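Reading through the structure tokens given below for one structure.
The values are calculated or read from the model by the stated rules, or taken from the named source; none is laboratory data. What you see is a predicted model, and the numbers here were worked out from it, not measured in a lab. Cβ: placed from backbone, ideal geometry, glycine included. Neighbour counts: every protein chain shown.
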Amino acid sequence: MPRNPNGRLQVVCGPMFAGKSEELLRRVRRAQLAGLAVEVVNHALDDRHTAGRVASHSGLSIASRSVPHVESLVELVGERELDLLAIDEAQFFGPELVPAVDTLVRTGISVVVAGLCVTFDGRPFEPLPSLMALAEDVTKLTAVCAVCGQDAAFHQRVFASDVADARVATAEHVGGIESYQARCRRHFGERGPRSA
């Protein structure tokens with residue numbers, strides 16, 4: 001029998017630089033102010049910030065636990081009586097996250113998942129699309145296009161030089177503004193830096 005029959009799945013998604021982690025942190029802080037039992041988790045691949053912290057590009061951060069895979073996430077939660085489990089950078093957990101989250105929600109834990117729903121080359125980035133389909137609440141954010149300033153639903157890998165690079169870019173490549181730019185549909189796929 002679930003502790004709380006009102007467990008819900010919430011998904012916060014979008015491209016890079018859309019404020020996904022910031023929205024996750026806002027929801028975590030609200031839950032903490034309400035006195036709820038909260039656990040914040042991110043994937044061990046995300047090493048851009050101080051270990052043991054989920055941080056936004058705007059500089060907000062909160063203590064978290066880093067785990068390398070879904071099994072570790074499930075072990076971390078264990079039999080704890082959590083009200084809210086917040087998972088950042090969910091795309092790195094892969095498709096195994098979907099059944100694990102579903103099981104946790106069925107036990108009465110509300111789960112908020114934040115992550116990229118699209119890869120740097122414009123394809124759906126699992127497990128976010130599947131989680132979005134199963135969620136009670138989906139918040140899809142946009143960033144600001146680095147070329148024209150319009151809403152950007154995509155991000156793309158860029159390099160310091162404007163020539164094709166021999167390095168292979170994978171969907172799991174972790175990086176920030178030095179490696180990626182937000183782009184609107186019109187400018188997605190174009191090469192070159194922001195025009196003056």
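Can you find a residue in region 78-100 that is assigned to a strand (DSSP E or B), buried (at least 22 other Cβ atoms within 10 Å of the Cβ) and more than 14 Å from the chain's Cα centre (by Cα)?
The answer is yes, given that some residue of region 78-100 is assigned to a strand (DSSP E or B), buried (at least 22 other Cβ atoms within 10 Å of the Cβ) and more than 14 Å from the chain's Cα centre (by Cα).
Determine if region 137-151 includes at least one residue that is at pLDDT 95 or above and part of a helix (DSSP H, G or I).
No, every residue in region 137-151 fails to be at pLDDT 95 or above and part of a helix (DSSP H, G or I).
Output the residues belonging to region 152-173 that are assigned to a loop (DSSP other than H, G, I, E, B), surrounded by 14 or more Cβ atoms within 10 Å (Cβ to Cβ) and modelled with pLDDT of 50 or more.
Those that are assigned to a loop (DSSP other than H, G, I, E, B), surrounded by 14 or more Cβ atoms within 10 Å (Cβ to Cβ) and modelled with pLDDT of 50 or more: A153, V158.
Keeping to region 10-40, report how many residues are surrounded by fewer than 21 Cβ atoms within 10 Å (Cβ to Cβ) and either of a type in the set (S, T, N, Q) or in a strand (DSSP E or B) (or both).
3
Looking only at region 90-118, count every residue that is among the charged types (D, E, K, R) and in contact (Cβ under 8 Å) with a residue 60 or more places away in the chain and tell me the total. Step through it out loud before you land on a result.
Step one: list which residues in region 90-118 are among the charged types (D, E, K, R), which gives 96, 102, 106.
Those left that are additionally in contact (Cβ under 8 Å) with a residue 60 or more places away in the chain: 102, 106.
Of the residues in that region, 2 qualify.
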